[in-house]
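The values are calculated or read from the model by the stated rules, or taken from the named source; none is laboratory data. Since the structure is predicted, the reported quantities are computational estimates derived from the model, not experimental observations. Here the Cβ is made from the backbone with ideal geometry for all residues, glycine too, and neighbour counts use every protein chain on show. To get the accessible areas, we keep the full protein, side chains included, count just its heavy atoms, and leave off ligands, DNA and RNA. Shrake-Rupley method; radii C 1.70, N 1.55, O 1.52, S 1.80 Å.
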Amino acid sequence: MRLPAGLRAALTGFTLLVLVVIYTPLLLVVLNSFNADRTFGWPPKKLTLHWWDVAAHSEGARAALWTSLQVAAFATLIALVLGTLAAMALRRTTFFGRNVVSLLIILPIALPGIVTGLALQNAFKTVLGLQLSLVTIVIAHATFCIVTVFNNVQARFQRLGGNLEAASMDLGAGPFTTFRLVTLPMLRSALLAGGLLSFGLSFDEIVVTTFTASSQDQTLPIWIFQNLFRPNQAPVVNVVAAVLVVLSAVPIYLAQKLSGGTAEAMTGAR
């Protein structure tokens, strides 16, 4: 259905306005990371790479980056395994309360982060008697990362149907052989997209992390927040924030590209 020219122009203008409002502050952060003025005078009178060099040699920023990478990697791995298994289980079985189980899997990403973080902190410290550590951060992040993998795999299963798997079984292949040679190749891009989204969500998460991290474990977003109001650290914070924007945007962009692969979704072909 073709929209009237006036309505189409209005929608285009509104979309551009929304994009400007969203991305202008991000672009300012990136630009200020090159601003030679420590107080970020506007417009910048001189650009420099000095703050990037300072950030590269900041032990606190590097330690926080390494912590974020570890947490995101482990949380993504857990999400890939559990999210895929959950999607397969709900696809192949019918039982009373099936929709409730599906809702419970999706619920963590729908709840406010402060509620999830507080609930997990109470569970770790009060119920399980665990000390907050890198492990508790990983478990906390995995709770909402599972949702992205689960949704991607479940959507792919709905598009696939079961004809190819049934044909594999008819030809004598067992369940594990069918999964390895038929199901898994067809899920390849969905798993990769879900993994990339999980990594991006975990990497820039701060609310849940605040409740589940110890004082010794600092992820990059927490490091940025704690140094945000320190005048001497402000230029370095801008550099780290610029890096965080890029590192968060790349996996999300790749996940979007992978999710659009119709040919692979239906046949597993690349």
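Brief remarks on what is shown
- Residue 139 vs. criteria open to solvent by 60 Å² or more (accessible area, probe 1.4 Å) and touching a helix residue (DSSP H, G or I) at 6+ places or on another chain (Cβ under 6 Å): no
- The residues listed here are 202, 198, 189; of these, the one that is touching a His at 6+ places or on another chain (Cβ under 6 Å), at pLDDT 80 or above and open to solvent by less than 20 Å² (accessible area, probe 1.4 Å) is 202.
- Residue within region 123-133 that is closer than 20 Å to residue 256 by Cβ, part of a helix (DSSP H, G or I) and among the aromatic types (Phe, Trp, Tyr) present: no
- Options 55, 119; residue that is open to solvent by less than 30 Å² (accessible area, probe 1.4 Å) and on the phi < 0 side of the Ramachandran plot: 55
- So residue 218, is it under 21 Å from the mean Cα position of the chain (by Cα), within 24 Å of residue 57 (Cβ to Cβ) and either assigned to a helix (DSSP H, G or I) or not hydrophobic (A, V, I, L, M, F, W, C) (or both): yes
- Failed condition for residue 245, given (1) in a helix (DSSP H, G or I); (2) open to solvent by 20 Å² or more (accessible area, probe 1.4 Å); (3) closer than 22 Å to residue 28 by Cβ; (4) free of Cβ contacts under 8 Å to residues at least 60 places away in the same chain: (4)
- Among the helices (runs of 4 or more DSSP H) confined to region 1-104, the ones with at least 3 residues that are of a type in the set (Gly, Ala, Ser) are located at 5-32, 59-92.
- Cβ-Cβ under 9 Å pairs, at least 6 apart or on other chains, region 22-39 side within 13 Å of residue 234 (Cα to Cα), far side loosely packed, with under 12 Cβ neighbours inside 10 Å and of a type in the set (Phe, Trp, Tyr): 32/42; 35/42
- Residue satisfying condition, being modelled with pLDDT of 85 or more and either small (Gly, Ala, Ser) or crowded, with 16+ Cβ neighbours inside 10 Å (or both), within set 41, 83: 83
- Residue list for region 177-186, filter: open to solvent by 50 Å² or more (accessible area, probe 1.4 Å) and touching a residue at least 12 places away in the same chain (Cβ under 8 Å): 181
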